[in-house]
Amino acid sequence: MMRHLRPMVRKEFIQMRRDRLTLAIMVAIPVVQLLLFGYAIQTDVRHIPTVVFDDAGTPESRDLVAAFENTGNFTIVARVPSRAAVDDAIARGTAQAGIIVPHDYPQALVDGRTALVQVIVDAEDPLSSQSALAAASGVGEVRNLGLLSAAAGRRILPLEVRVRPRYNPGLRSAVFIVPGLVGVILTLTLVLVTAMAIVRERERGTLEQLIVTPISRTELMIGKITPYVAVGLVQMTTVLFLGRLVFDVPLTGSLLLLYAVTLIFIVASLAFGLLISTLVKTQAQAIQASFFFVLPNILLSGFMFPRAAMPLAARLIGLALPLTYFLKILRGILLKGVGAAALWPEITALAAFGVLLMTLAVRRFHKTLD
Amino acid sequence: MTGPADPGAAVITRGLRRTFGSLVAVEHLTLEIAAGEVFGLLGPNGSGKTTTIRMLCGLIAPTAGTATVAGIDVVQDPDRVRDRIGYMSQRFGLYEDLTVAENLDFYGEVYGLRGAAQAVRSGDVVQFLSLGSRLHQLTGELSGGWKQRVALGCALLHRPAVLFLDEPTAGVDPAARRSFWAAIADIAARGTTVIVTTHYMDEAERCGRLGMMSGGHLIALGSPADVARQVGGGGTLEDAFIRLQERDER
């Protein structure tokens, strides 16, 4: 039944090899994206440039400022002579935080009054201000605890909460982003290249010559996507390898399972591209349709923004995207090391997407010109 | 044309009709083409030649009527006819980023040829059309005349019973056209039925029989001389054609 598949696959491989630019882009995309996302997306904001107005200028106040600096979240870039200078530095953007220690700070400590220390944070970007806010209150609590227990004459703390961040103990964003990047890159490149596949043959006039031959539409479709399955696997390997090498992203679980599930995801993505290809009339439309599809994938799948924080409608749209399920699988296998037993609902969903999309694409494509 | 059809005929159509929305592209087309004929479809642009060929190849479905090609009902069973026909579309349809040899290999295999059989057929075609010196050139780099020869070669590999050529010599220089038509004569001499559309009069004269189309209708049928007489009113075939063209464009 599949006797016409071989020439089709071979033809696609030859054409892919001759189109050097596209091939180079498909290989370069994983590398460039990995470095961009891995380095640029740092949700763990550290070393915020900070100015200090220490109006007391005593050993106690210097000690307090040092405590802020020791968290690693604040980097003192300047000491300024007034409150207005702090505001000015933040407004002009030379600093994103300011610490103001009032002149009565040491005296208040001695008197047993509440000493007021102010931390001003530029909260324009909620993400980067959050860690500054958390670190600032942390410094206050630790100080309070020390002062209180000293006053009470106790050396042992009454309570300690131990938090253990599992699976990404360093809380590094690269560990979170890189596994997801495998899914995003596969979606981005594979949907686009296959969306162009059929419509390109139509535009160049080669489809007409092809559909008078005995090749079946299933053979034609499978032949079209086969070379890109290989491309997808190469892209994934590149991201995982470089992710490990450059960002030290763990590969905890079964690689065999990972490749098997990725294969399903690749087929689903390619089938979706083919479906687009049967719906549009020109390559330009195919590109637009692909981007229309790719953007919600990046925003709503949980790649960068947590799905739990999204409104219901956005969560529901996310459920209709294969990438949402694939991301859970990727992170599950790579970071948590879980097996197929824990991931079967997601794997089943992916397989269902693959079968559904491929069936739709083949049905949409008729071996006629009208 | 309503008598009993010759069961051995290459093409038999009865009341073939095709509309595109409100446009009637082909209507009441009843035609019989014997095996081994070189049959020319002649007519101005938009007269329905290409639509007719596409219906006979199973590329578009007729709105009404029946068509049998090489003994197979193309309306009922368009997939089964594909092994038995060769087709060259009006627009060059081979892969320009493949070499001549790669195109020949691809089409040979897609038509089910393998191994030694494929090598023999391919060798025949290369020799017949003198493609040997071009085999490893990218198809997109060839001149119009050579492209058409390669396309003809790809359409012949599986030795089709009926060969459809839709304006095969459009944009080809006169010398290449002449050698192309010499090839068509050879192909027909080997028993393949050739159905060709054209609007070059010298080419029409080379056909065994002609069907003249105008506005979707077959308006004359017979030898080139017969057709000239039927529509020309005493003039030449070219006079008849130009008169038709002017009438259709009005």
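Bear in mind these aren't lab numbers, they're just calculated from the coordinates by the rules spelled out. Everything numeric here is computed off the predicted structure, so don't read it as measured data. Ideal geometry is used to build each Cβ from the backbone, glycine not excepted, and the neighbour counts take in all protein chains shown.
Peptide A:211-219 has a mean of 6 when you count, residue by residue, the C-beta atoms of other protein chains within 10 Å of its C-beta.
Averaging sequence separations of C-alpha pairs under 8 Å and six or more residues apart, then dividing by the length of chain A, give the relative contact order as a whole percent.
Values: 483 pairs, mean separation 71.5, N = 370.
After rounding, I find 19 percent.
Here the peptides A:97-106, A:6-15, A:306-315, B:182-191 are ranked by packing, the mean other Cβ count within 10 Å, and the order with the highest first is A:97-106, A:6-15, B:182-191, A:306-315. Only alpha carbons enter this Debye calculation for the stretch A:302-370, each as an equal point scatterer, and the log10 of I(q)/I(0) it gives at q = 0.25 Å⁻¹ is -1.11.
The angle between the Cα long axis of helix A:83-92 and the main principal axis of chain A comes to about 10°, on a 0 to 90 degree scale. Amide H to amide H distances under 5 Å link B:V26 with B:R18, where only residues 5 or more positions off or on other chains count and H is placed in the peptide plane.
Estimate the FRET efficiency between B:H28 and A:A284 by the formula 1/(1 + (r/R0)^6), using the beta-carbon distance for r and 35 Å for R0, to the nearest 0.05. Intermediate values should be presented prior to the final figure.
On the way: r = 40 Å, r/R0 = 1.15.
So the FRET efficiency works out to roughly 0.30.
How high is the relative contact order of chain B, in percent, counting Cα pairs under 8 Å that sit 6 or more residues apart? Averaging sequence separation for qualifying contacts and normalising by length gives 25 percent for chain B.
Whole-Hz Karplus values for the stretch B:114-127 come out as 9, x, 5, 4, 5, 4, 5, 4, 4, x, 4, 5, 4, 5 Hz, taken residue by residue from phi with 6.51 cos²θ - 1.76 cosθ + 1.60 and θ = phi - 60°; glycine and proline positions read x.
Tell me, in nm to one decimal, what length is gained between A:V161 and A:A320 on full extension, where the rule is 0.36 nm per residue of separation less the Cα-Cα distance? Please report the intermediate quantities before stating the final value.
Values: separation 159, 0.36 × 159 = 57.24 nm, distance 3.95 nm.
Length gained, A:V161 through A:A320: 53.3 nm.
Principal-axis analysis of the Cα atoms of chain A puts helix A:340-364 at an angle of about 40° to the longest axis.
Normalized C-alpha radius of gyration of the stretch A:48-152, against 2.2 N^0.38 Å?
Working: Rg = 13.6 Å, N = 105, 2.2 N^0.38 = 12.9 Å.
Taking N as the residue count of the stretch A:48-152, the ratio is 1.06.
Annotation: amide H-H contacts under 5 Å for B:Q137 (H modelled 1.01 Å from N, sequence separation of 5 or more, or interchain): B:V100, B:A101. Couplings 3J(HN,Hα) for the stretch B:143-159, derived from phi with the Karplus relation 6.51 cos²θ - 1.76 cosθ + 1.60 (θ = phi - 60°), are 6, x, x, 5, 4, 5, 5, 5, 4, 4, x, 5, 7, 9, 3, 8, 6 Hz, where x marks Gly and Pro. Computed over the protein assembly as shown, the per-residue total of -39500 (n - 2.57) for DSSP H runs of n ≥ 4 gives a 222 nm mean residue ellipticity of -17500 deg cm²/dmol, rounded to 500.
Applying 0.36 nm per residue to the separation of A:F241 and A:N168 and subtracting their alpha-carbon distance, the gain on full extension is 24.5 nm.
Of all DSSP beta bridges confined to the stretch B:11-249, the antiparallel ones make up roughly 55%. The long axis of helix A:20-35 is offset from the longest Cα principal axis of chain A by roughly 20 degrees. With a/c under 1.5 counting as rounded, go ahead and sort the protein assembly as shown into rounded, prolate or oblate using the C-alpha gyration tensor (a ≥ b ≥ c being the square roots of the eigenvalues; past the cut-off, prolate if a/b is larger than b/c, else oblate). Note, shape of the protein assembly as shown comes out prolate. In plain terms, the chain from A:H47 to A:K336 could stretch by 101.1 nm, reckoned as 0.36 nm per residue minus the Cα-Cα distance.
Taken over the stretch B:11-249, the ratio of Cα radius of gyration to 2.2 N^0.38 Å equals 1.01. Relative contact order of the stretch B:157-243, taken over Cα pairs closer than 8 Å and 6 or more residues apart, is 20 percent. Taking amide H as placed 1.01 Å from N in the peptide plane, B:A220 has its amide H under 5 Å from the amide H of B:M212, each at least 5 places away in sequence or on another chain. Cross-link check: pairs A:K224/B:K49; A:K11/A:K367; A:K224/A:K328; A:K281/A:K328; A:K11/B:K49 evaluated at a Cα-Cα cut-off of 24 Å; pairs beyond the cut-off: A:K224/B:K49; A:K224/A:K328; A:K281/A:K328; A:K11/B:K49. Between A:A309 and B:D79, the modelled label-to-label distance comes to 5.2 nm, taking each label 7 Å out from Cα in the direction of the beta carbon. Listed values for the stretch A:244-260 are Karplus-derived 3J(HN,Hα) couplings in whole Hz (6.51 cos²θ - 1.76 cosθ + 1.60, θ = phi - 60°), namely 5, 5, 8, 10, 6, 7, x, 10, 7, x, 6, 5, 4, 4, 4, 5, 4, and x replaces Gly and Pro.
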